[in-house]
Amino acid sequence: LFLLFLIILTLFFSGKIERPDLLLLIYSVLAACQVLLLRADNWFRQGRRREIFRDVIFPVIAVLVIFDSLGLIVHKINPRDIDPLLIRLDYILFQGYPTVMIEAMADPLLTDVLQIAYTTYYFLPITLGLILKARGMDAAFDRALFLILFCFYLSYIGYILFPALGPRYTMDHLQTGELRGIFIAGPVQEFLNRLEGIKRDAFPSGHTGVALVVSWLGRQYHRGFFLVTLPVVSLLVFSTVYCRYHYVVDVIGGMMLAAITIILGKPIYGYWEERRDTRN
């Protein structure tokens, strides 16, 4: 459904978007692959490798490809960044600029630790999914996959509606210097900059939203995973501001995103599951 939404959006704004033909091809291929993978169960004998590709690898590919495509969409259909509003809200809340205020506690070792915590966002959902798969908790996995993807796609809609660059671009002139680690932060920052590029993906904080949803799911289905990753998730949320990727109001938006995902996602998935069981 989200791919269909992107296809319709691309067609509607094709006059403003660069390379709409490329975007339509990407979204159509992803949609076709998704249908083929779902239909393959009726054509071939179920295999563990194909199951892992369908349920884990392909969703990861889809999320990354769709996220990357947003760079061609967001600012073309909504060219007004809301950074000034977010900066103002942060100032009202703290009587200052949080990323500048936090600079007083900057330390190379802390920067390395928090930069690593920030990158765990890419691995937390996959780790939980693999654990649930390994334990044969297929029903829990399906529900977790739905809620995590739902959170990702809601955050992408947020980026389209509320484009924002984030403090590392808009407030760098107020910082006394770059954040420097001992030996990890620099290479990781450079890699993420190349991987993500400029997407105007500050509000809401998808890192916060997805991490909190994964943590909530861990508490539901695997207590050990929840307890082990809780400190990591806490550091991740703090790192979004410390590492200057997000304003504090972005993080608040990410918390709201997680809440909306769970509140809306549970009945939506329940309805879909009921229809699936009826068809079967």
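The values are calculated or read from the model by the stated rules, or taken from the named source; none is laboratory data. Bear in mind that the values here come from a model prediction, so they are computed numbers and not experimental data. Here the Cβ is made from the backbone with ideal geometry for all residues, glycine too, and neighbour counts use every protein chain on show.
A few remarks follow.
- Subset of segment 254-268 [over 16 Å from HIS207 (Cα atoms) and surrounded by fewer than 16 Cβ atoms within 10 Å (Cβ to Cβ)]: ILE263, LEU264, LYS266, PRO267, ILE268
- Within segment 81-90, the set of residues being outside any loop (DSSP other than H, G, I, E, B) and surrounded by 14 or more Cβ atoms within 10 Å (Cβ to Cβ) comprises ASP83, LEU85, LEU86, ILE87, LEU89, ASP90.
Yes/no matrix, rows are residues, columns are (1) surrounded by fewer than 16 Cβ atoms within 10 Å (Cβ to Cβ); (2) in a helix (DSSP H, G or I); (3) in contact with a Pro (Cβ under 8 Å, 6 or more places away or on another chain):
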| site | (1), (2), (3) |
| --- | --- |
| ILE92 | yes, yes, no |
| ALA104 | yes, yes, no |
| ASP112 | no, yes, no |
| TYR118 | no, yes, no |
| TYR121 | no, yes, no |
| GLY129 | no, yes, no |
| LEU145 | no, yes, yes |
| TYR159 | no, yes, no |
| GLY186 | no, yes, no |
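- Selection status of SER234, in contact with a helix residue (DSSP H, G or I) (Cβ under 6 Å, 6 or more places away or on another chain) and assigned by TED's automatic domain parsing to the domain that holds THR99: no
- Among the candidates THR261, THR278, residue that is in contact (Cβ under 8 Å) with a residue 60 or more places away in the chain, polar (S, T, N, Q), out of contact with any Asp or Glu (no Cβ under 8 Å at 6 or more places or on another chain) and assigned to a helix (DSSP H, G or I): THR261
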